[in-house]
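Asks: Input: one structure, supplied below.
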Amino acid sequence: MPARRVKGNGPGAKLVGATRLLVRDPRELYEVVVDQAQRAVDPLRARPSAEVVPLREVAAGLGEALGRDVAAFLDEEGLAEIDAAVRERAERLGPDLPFPIAHNAAPSLARLCYALCRALRPAAVLETGVAYGVSSSFLTQALALNGGGQLHSVDREPVRANLDGYIGALVPEQLRSRWTLHRGTSRRLLPGLLPQLDGLALFIHDSQHTYRNVSWELRTVTPHLVLPAAIVVDDVAGNRAFQDWVEHSRPAYSAVVAEDPVGVAVIA
């Protein structure tokens, strides 16, 4: 857990952080700037029109596509245990946080990640975007109960200084042996990382939710998945990236969760 609080989120702190990032790795700063520009452009694009489905129905559909009882894992004791552990650790973080708690994975995303990880029993899981580590915690709990597998998380270096201790802070210590954190943007790291991930059967996108970034990550990761595999994309309501990928790739099953705008697909 972080030892101290980080204050200062104004333009001055961000400018200092951006200067440090420019010195450390100009490519990282370039991606940050481009993503911010894309956030301004995305609202001008066509909006997604996919119907939404309750989480329990989504789990049933996933189970049919995979031939495994995905829904049963939503009621598992291990899921309740990690949910309670994450809530307790979040309370210990306190109210004075360096970035909003809303950056964490939505509850339906975390539960879906857990259930899919338990059902697929993947040798490797990849997620982009970590924040405080909610989904990372649920995924590593599932891997631990599976008795094997490794979570690889990709998260860019923060623009502001002294935030590293908060990235993944919610992941319990006893689960961290199942977790490898790679620091950098997905565009810089994934081309070299993906060929090293044998048995990659689950991918979770929860990094920058721009059309440009989501589309690129889906196109880049999909060819490296071993089948059957699942893809989970958070915050699909902001643009058509997930919907366009579904229409192009035609997965065996796809849906958008009603409780939160989370897209999920099975490639069989």
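Asks: Considering only protein heavy atoms, what per residue accessible area in square angstrom results for the stretch 225-268 with a 1.4 angstrom probe?
Replies: 38 Å²
Asks: Can you work out the base-10 log of I(q)/I(0) for the stretch 127-230 at q = 0.12, 0.14 1/Å, using the Debye formula on its C-alpha atoms alone?
Replies: -0.39, -0.53
Asks: Please state the shape class of the stretch 200-241: rounded when a/c is under 1.5, otherwise prolate if a/b exceeds b/c and oblate if not, all from the C-alpha gyration tensor.
Replies: prolate
Asks: Rounded to the nearest 0.05, what FRET efficiency do GLU173 and GLU247 give with R0 = 45 Å and r taken as the Cβ-Cβ distance? Could you check?
Replies: Working: r = 43 Å, r/R0 = 0.95.
Computed FRET efficiency for GLU173 and GLU247 comes out at 0.55.
Asks: At 7 Å along the Cα-to-beta-carbon direction for both VAL41 and ARG92, put a label point, then send me their distance in nm to one decimal.
Replies: 4.3 nm
Asks: Testing the spin-label approximation: label points 7 Å from Cα along Cα→Cβ at ALA258 and ALA72. State their distance in nm.
Replies: 2.5 nm
Asks: Considering only protein heavy atoms, what per residue accessible area in square angstrom results for the stretch 54-210 with a 1.4 angstrom probe?
Replies: So the stretch 54-210 comes to 37 Å² accessible per residue, rounded to a whole number.
Asks: Cα centroid distance between the stretch 179-210 and the stretch 211-246, in Å?
Replies: If you average the Cα positions of each part, the centres end up 12 Å apart.
Asks: Give, in nm to one decimal, the length gained when the segment between GLU57 and THR180 is fully stretched (0.36 nm per residue of separation minus the Cα-Cα distance).
Replies: 41.1 nm
Asks: Same structure, new question: Counting only protein heavy atoms and using a 1.4 Å probe, what share of the accessible area of the stretch 160-268 belongs to carbon plus sulfur, as a whole percent?
Replies: Numbers: 2050 of 4190 Å².
Ligands and nucleic acids excluded, carbon and sulfur give 49 percent.
Asks: Further question on the same structure: How would you classify the stretch 184-268 from its alpha-carbon gyration tensor, with a ≥ b ≥ c the square roots of the eigenvalues: rounded for a/c under 1.5, else prolate if a/b is greater than b/c, otherwise oblate?
Replies: oblate
The values are calculated or read from the model by the stated rules, or taken from the named source; none is laboratory data. Nothing here was measured: the structure is a model prediction, and the numbers come from that model. Glycine also receives a Cβ, built like all others from the backbone with ideal geometry; neighbour counts cover every protein chain displayed. Only protein heavy atoms, including side chains, enter the accessible area calculation; ligands, DNA and RNA are left aside. Shrake-Rupley method; radii C 1.70, N 1.55, O 1.52, S 1.80 Å.
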